[in-house]
1. Quick one: ranking ARG256, ARG199 by accessible area, 1.4 Å probe, largest first, what do you get?
2. Could you state the accessible area per residue of segment 205-275 in Å², with a 1.4 Å probe and every protein chain left in place?
3. So what is the accessible area of segment 6-51 per residue, in Å², with the probe set to 1.4 Å?
4. Using heavy-atom solvent-accessible surface (probe 1.4 Å) with all chains present, what is the largest-first order of TYR125, TYR294?
5. Answer rounded, prolate or oblate for segment 78-166, using the Cα gyration tensor with square roots of eigenvalues a ≥ b ≥ c: rounded when a/c is under 1.5, else prolate when a/b is larger than b/c, else oblate.
6. Between (i) 20.6; (ii) 19.0; (iii) 17.2, which matches mean projected area of the Cα convex hull in nm² calculated for the structure shown?
7. Considering only GLY129, GLY25, GLY62, give the residue with the highest GNM mean-square fluctuation for the chain, with springs between Cα atoms whenever their separation is below 10 Å.
8. How big is the accessible area of HIS106 in square angstrom, nearest 10, if you roll a 1.4 angstrom probe over the protein chains?
Amino acid sequence: MTSALVLRAVDGPASVEDVVLNPVGPSQVRVRLAAAGVCHSDLSLANGTLRQPFPVVLGHEGAGVVVEVGSSVSDISVGDHVVLNWSPPCRSCWFCSAGEPYLCSHADDARGVPYARTALGDDLYAGLGTGAFATETVIGAHACIPVPADIPLEEAALLGCAVLTGVGAVLNSARVRSGESVVVIGLGGVGLAALQGARIAGAATVIAVDASPSKSSLALSLGATHFLAPGPSLAKEVRALTSGRGADHAIECVGRAATIRAAWSVTRRGGRATVLGLGSSTDEVTFNALEVAYFARTLTGCMYGSTDPAVDVPVLLSHYRSGALNLAALVTDHVSLAEVPAAFDRMRSGVGARTLVRF
């Protein structure tokens with residue numbers, strides 16, 4: 001039996017229950033979780049913004065130790081430390097062959113397949129195919145990224161989503177260059193990782209934007225050179241800090257029409273706004289026909305930091321070992337499984353950065 005946080009309906013109550021995981025298949029592994037981050041995408045799955053079969057065990061940002069491997073698994077062994085990859089590439093579809101594994105056509109194949117049963121015998125699904133809000137999970141071996149045993153698993157868990165997404169967006173999608181200016185809008189775990197990515201890239205001016213003034217000191221310690229509050233004067237304030245032009249890059253980490261529009265507006269002519277936040281399909285962003293050509297800006301979406309975790313996790317670990325990437329600083333709360341709903345409440349109110357479930 002495995003203890004898991006089970007959610008039975010959209011916006012319904014979640015409870016810690018004993019569940020029975022399916023037997024490990026030939027190409028699967030069983031992982032005992034050490035830690036799991038509480039991500040905004042988990043909240044979006046819980047409230048129906050993102051589609052998900054129910055009942056479900058959410059959680060997709062996690063790390064742990066392999067305790068069982070399938071008969072055909074040869075590259076992972078019992079005892080290995082791994083980070084879970086919620087978007088594992090198949091390596092054979094058109095997108096993977098085109099060098100875009102983060103858009104893999106089959107990355108979500110496991111999401112509609114039951115991976116466990118409740119104590120009553122009901123089929124149970126894994127959120128984003130991962131099911132990290134549980135003491136153990138069964139997952140495809142290709143969805144596990146081995147990490148060295150000397151890397152603390154609580155910190156390694158953050159690599160599975162927030163850090164790959166935030167740092168990856170800066171380095172892989174926006175491709176920020178040394179000396180450029182960057183605005184990061186929204187300072188949850190992803191936004192704080194993006195700040196560190198901008199610092200790693202050598203950005204000269206890094207402007208952090210968040211509605212919570214309490215995040216100012218943390219943002220400045222992680223690479224921001226300035227901290228601003230959102231509002232009608234934001235674009236003017238950014239121009240004042242960037243020689244009157246606007247920022248070379250804006251990284252949007254919220255997923256709302258207003259903040260996407262703000263990211264567009266704070267960039268200079270010819271600048272680039274990169275959107276990481278996953279918002280509602282009914283929240284529409286509008287542009288007038290003149291500004292698109294006149295400002296010559298680029299507005300681009302970014303999925304999973306445009307990363308290939310098998311390639312990028314070792315790169316991130318090199319930055320971690322050098323001290324350039326501070327993983328522990330992203331965590332502002334530690335909770336038990338039963339306290340995840342309270343973490344969602346803090347997330348809704350914009351309090352704190354990453355909450356980490358400790359097992």
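1. Values: ARG256 140, ARG199 90 Å².
Descending order: ARG256, ARG199.
2. Working: 2950 Å² over 71 residues.
Per residue, segment 205-275 has 42 Å² of solvent-accessible surface.
3. Numbers: 2020 Å² over 46 residues.
Result: 44 Å² per residue.
4. Details: TYR125 40, TYR294 115 Å².
So the residues, ranked largest to smallest area, are TYR294, TYR125.
5. Numbers: a/c = 2.05, a/b = 1.10, b/c = 1.85.
Note, shape of segment 78-166 comes out oblate.
6. Of the labelled values, this structure produces (iii).
7. GLY25
8. 90 Å²
The values are calculated or read from the model by the stated rules, or taken from the named source; none is laboratory data. Quick caveat: nothing in here was measured; it's all calculated off a predicted structure. For neighbour counting, all protein chains shown are included, and Cβ atoms are generated from backbone atoms with ideal geometry for every residue, glycine included. To get the accessible areas, we keep the full protein, side chains included, count just its heavy atoms, and leave off ligands, DNA and RNA. Shrake-Rupley method; radii C 1.70, N 1.55, O 1.52, S 1.80 Å.
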